[in-house]
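The values are calculated or read from the model by the stated rules, or taken from the named source; none is laboratory data. A quick note: this is a predicted structure, and the numbers were derived from the prediction, not measured. No Cβ is skipped: glycine too gets one built from the backbone with ideal geometry, and neighbour counts run over all protein chains shown. All accessible areas refer to the heavy atoms of the entire protein, side chains included, with ligands and DNA or RNA removed. Shrake-Rupley method; radii C 1.70, N 1.55, O 1.52, S 1.80 Å.
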Amino acid sequence: MSRIGRKPITLPAGVTLTVDESNLVTVKGKLGTLTEKISPRMTVKVDGPVVTVERPTDEKEDKSLHGLSRTLINNMVVGVSEGYSKVLEIYGTGYRATVQNKKLLLFLGHSLVNGNPQAALTIEQPEGITFEVAEKASPITITVKGADKQQVGQIAAVIRGKRPPEPYHGKGIRYAGEVIRRKAGKTAKK
């Protein structure tokens, strides 16, 4: 059996999980509601505060779907009860970020943005996601928070993609704790 798939999921207090006949799993908690369509081959059983996922056969596809289904449900349970967050750090002279009207404004040294000099790159705040910026910190940190693990990771990747860290000076946006392999610059000939 799948080691991950056979682990039961314990629902924390205040979290409810329902499964309809088409295997649409809905999880409600203090941070919102998440839904996910689970493979119809899997059986999701709710027994009080314990949720288990069972597979019909030991075929390779069923084994992989077993672990995946259990992980997706567990991520939803953790998301609506505790939430997920990704922290990004901005390195670079003159680089900064602010949040205004549910928009993240990034000033990352671009000379022109949409034809406007001194304009900022703008990232809209999707529903279910919040941005927090610590401007006074060194380095400047951006925290992306939300209940959906996949959406938090995707938005963090989009932000990092606006100015990925470069290997010579290390300037750019990186994940907190990310190590950038530095390269030596040019050397003068003697």
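When you go through 87, 77, 46, 50 one by one, which is the residue that is open to solvent by less than 50 Å² (accessible area, probe 1.4 Å) and either closer than 30 Å to residue 179 by Cβ or of a type in the set (A, V, I, L, M) (or both)?
Criteria check complete, one pass: 77.
Restricting attention to segment 3-19, report how many residues are open to solvent by less than 60 Å² (accessible area, probe 1.4 Å) and without any contact (Cβ under 8 Å) to a residue 40 or more places away in the chain.
Of the residues in that region, 1 qualify.
Tell me, which strands (runs of 3 or more DSSP E) wholly within segment 14-111 include 2 or more residues that are within 22 Å of the chain's Cα centre (by Cα)?
Those strands (runs of 3 or more DSSP E) span 24-29, 32-37, 84-91, 96-100, 103-107.
Count, please, the residues in segment 65-103 that happen to be touching a residue at least 40 places away in the same chain (Cβ under 8 Å), of a type in the set (Gly, Ala, Ser) and more than 17 Å from residue 154 (Cβ to Cβ).
5
Which members of segment 24-39 meet the condition of being open to solvent by less than 30 Å² (accessible area, probe 1.4 Å) and closer than 13 Å to residue 70 by Cβ?
If the condition is that a residue be open to solvent by less than 30 Å² (accessible area, probe 1.4 Å) and closer than 13 Å to residue 70 by Cβ, then 25, 38, 39 are the ones that fit.
Checking residue 144 against (1) open to solvent by 20 Å² or more (accessible area, probe 1.4 Å); (2) part of a strand (DSSP E or B); (3) at pLDDT 95 or above; (4) not acidic (Asp, Glu), which test does it fail?
The failed condition is (1).
For segment 9-42, which positions are within 19 Å of residue 151 (Cβ to Cβ) and either touching a His at 6+ places or on another chain (Cβ under 9 Å) or not hydrophobic (A, V, I, L, M, F, W, C) (or both)?
Within segment 9-42, 26, 28, 29, 30, 32, 33, 35, 36, 37 meet the criteria.
Given 103, 86, which one is among the charged types (D, E, K, R) and modelled with pLDDT of 95 or more?
The match here is 86.
Against the condition outside any strand (DSSP E or B), among the hydrophobic types (A, V, I, L, M, F, W, C) and at pLDDT 90 or above, how does residue 119 come out, does it pass?
no
Mind checking whether some residue in segment 158-165 is assigned to a loop (DSSP other than H, G, I, E, B), open to solvent by 30 Å² or more (accessible area, probe 1.4 Å), among the charged types (D, E, K, R) and closer than 18 Å to residue 100 by Cβ?
yes
For residue 130, only one of the following conditions fails: (1) hydroxyl-bearing (Ser, Thr, Tyr); (2) at pLDDT 90 or above; (3) open to solvent by 60 Å² or more (accessible area, probe 1.4 Å); (4) within 21 Å of residue 93 (Cα to Cα). What is its number?
Of everything listed in (1) hydroxyl-bearing (Ser, Thr, Tyr); (2) at pLDDT 90 or above; (3) open to solvent by 60 Å² or more (accessible area, probe 1.4 Å); (4) within 21 Å of residue 93 (Cα to Cα), residue 130 misses just condition (4).
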